[in-house]
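Below is one structure, written out as structure tokens; comments come after it.
The values are calculated or read from the model by the stated rules, or taken from the named source; none is laboratory data. This is a predicted model, so every value here is computed, not measured. Cβ atoms come from the backbone with ideal geometry, glycine included; neighbour counts cover every protein chain shown. Accessible surface areas use protein heavy atoms only, side chains included; no ligands, DNA or RNA. Shrake-Rupley method; radii C 1.70, N 1.55, O 1.52, S 1.80 Å.
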Amino acid sequence: GDINSDFITGVFEGDTTKVLLLELKLLTGQLDAAFPLIWDAQMQLDGMATTPTRDVEERLEQEVLQQGEALQTSNSISSFYDLYCPNSTREERAIFRARADNLRQPIESLKVTNQLIPLAVIGFGDEYFGLDLELVRGFTDIANLTPIPCCPNHILGNMNLRGEIVTLVDIRNVLNLPTPPVSVGSPVVVVQVDDIVAGLPVERVLEMVDLNAADMTPLSGILGDFGEQYIRGSTFFQEGVLRVLDLPKIFNQGKLIVDEEA
């Protein structure tokens, strides 16, 4: 059949079975050459078994001393400069240290960030802003608007949204944006920040995007008068800049909440 006949020396046929006789030398290759190695190994084992215990202890003590000397030698090299720049002056070592400090970066900054931030992109004029989609409850248009007496200008009034009364809050003043009049039919983004539910009138609702946190540039004073303290960061969007709003900070620190006792 499929058996390699090169290693078969013959076949013994019994009453009910056949036994193949193997050629051991061919099967094991250089088996004869292995016997001297096995013999030498056995002789070494026998010699170790008959070696006096004191000799073994002395040999171990010698090895420990040698290792201690090697460790002492390695400890004599006190710094990186002694090992790689033994002839450098103190001024040169100070320059090397300053360069190393400038090149060093925190491990956190070297990690690739793959955290995605879902955003709703809204527009005010030619400016784009991103709202954290986790804070957005929905999108609608102003179907009705009831003014609220004795409220500041950023409280535009109440609207009935499927049986729920939602207060419309204008955040354009916080962002130092122009404030053209808001009328019935204007788009509104309904958001919830903690226990506060409010409608934010906007000029346009553009699209939903997933922004990689690594692509968001921290603020560096380049956003001008766009309420920089209320913006988490920015990134490129279409042909302009998308600014990611910090809604909790706008509501809590932007003086939008009306003190009912005042």
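Do we find a residue being in contact with a strand residue (DSSP E or B) (Cβ under 8 Å, 6 or more places away or on another chain), under 13 Å from V191 (Cβ atoms), not charged (D, E, K, R) and not in a strand (DSSP E or B) anywhere in the stretch 157-174?
Scanning the stretch 157-174, I find at least one residue that is in contact with a strand residue (DSSP E or B) (Cβ under 8 Å, 6 or more places away or on another chain), under 13 Å from V191 (Cβ atoms), not charged (D, E, K, R) and not in a strand (DSSP E or B), so the answer is yes.
Using the structure shown, decide if E228 is within 18 Å of K249 (Cβ to Cβ), charged (D, E, K, R) and free of Cβ contacts under 8 Å to residues at least 12 places away in the same chain. Reasoning before the result, please.
On the way: within 18 Å of K249 (Cβ to Cβ): yes; charged (D, E, K, R): yes; free of Cβ contacts under 8 Å to residues at least 12 places away in the same chain: yes.
Against the criterion (within 18 Å of K249 (Cβ to Cβ), charged (D, E, K, R) and free of Cβ contacts under 8 Å to residues at least 12 places away in the same chain), E228 qualifies.
Can N144 be described as free of Cβ contacts under 8 Å to residues at least 60 places away in the same chain, surrounded by fewer than 17 Cβ atoms within 10 Å (Cβ to Cβ) and at negative phi?
Values: free of Cβ contacts under 8 Å to residues at least 60 places away in the same chain: yes; surrounded by fewer than 17 Cβ atoms within 10 Å (Cβ to Cβ): yes; at negative phi: yes.
Spelling it out, N144 is indeed free of Cβ contacts under 8 Å to residues at least 60 places away in the same chain, surrounded by fewer than 17 Cβ atoms within 10 Å (Cβ to Cβ) and at negative phi.
List the number of the failed condition for V191; all other conditions in (1) free of Cβ contacts under 8 Å to residues at least 60 places away in the same chain; (2) part of a strand (DSSP E or B); (3) within 19 Å of V121 (Cβ to Cβ) hold.
Failing condition for V191: (1).
Rundown of residues vs (1) at pLDDT 90 or above; (2) open to solvent by less than 80 Å² (accessible area, probe 1.4 Å), yes/no style:
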site: N153; (1), (2): no, no
site: N158; (1), (2): yes, yes
site: R162; (1), (2): no, no
site: R172; (1), (2): no, yes
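Based on what the data block shows, is V182 open to solvent by 20 Å² or more (accessible area, probe 1.4 Å), of a type in the set (A, V, I, L, M, F, W, C) and without any contact (Cβ under 8 Å) to a residue 60 or more places away in the chain?
Working: open to solvent by 20 Å² or more (accessible area, probe 1.4 Å): yes; of a type in the set (A, V, I, L, M, F, W, C): yes; without any contact (Cβ under 8 Å) to a residue 60 or more places away in the chain: yes.
It is true that V182 is open to solvent by 20 Å² or more (accessible area, probe 1.4 Å), of a type in the set (A, V, I, L, M, F, W, C) and without any contact (Cβ under 8 Å) to a residue 60 or more places away in the chain.
Could you list, in sequence order, the residues of the stretch 157-213 that are on the phi < 0 side of the Ramachandran plot and of a type in the set (S, T, N, Q)?
Correct list: N158, N160, T167, N173, T179, S183, S186, Q192, N212.
Could you give every pair whose Cβ atoms fall below 6 Å, whose first residue belongs to the stretch 79-105 and is part of a loop (DSSP other than H, G, I, E, B), and whose second residue is modelled with pLDDT under 80, counting only separations of at least 6 or pairs across chains?
Correct list of pairs: S88/Y81.
Got a sec? Which of V190, V166 is open to solvent by less than 80 Å² (accessible area, probe 1.4 Å) and either out of contact with any Leu (no Cβ under 9 Å at 6 or more places or on another chain) or modelled with pLDDT under 90 (or both)? So that I can check it myself, show each step before the final result.
On the way: V190 fails: either out of contact with any Leu (no Cβ under 9 Å at 6 or more places or on another chain) or modelled with pLDDT under 90 (or both).
Going through V190, V166 in turn, the sole match is V166.
Pairs needed: first member in the stretch 2-22, exposed (fewer than 10 other Cβ atoms within 10 Å of the Cβ); second member anywhere, at pLDDT below 80 and not in a loop (DSSP other than H, G, I, E, B); C-beta distance under 9 Å; at least 6 residues apart or different chains.
D6/L26
Go through the stretch 194-216 and report how many residues are touching a Phe, Trp or Tyr at 6+ places or on another chain (Cβ under 9 Å), at pLDDT below 90 and either within 14 Å of D246 (Cα to Cα) or among the charged types (D, E, K, R) (or both).
Going through the stretch 194-216 one residue at a time, the tally reaches 2.
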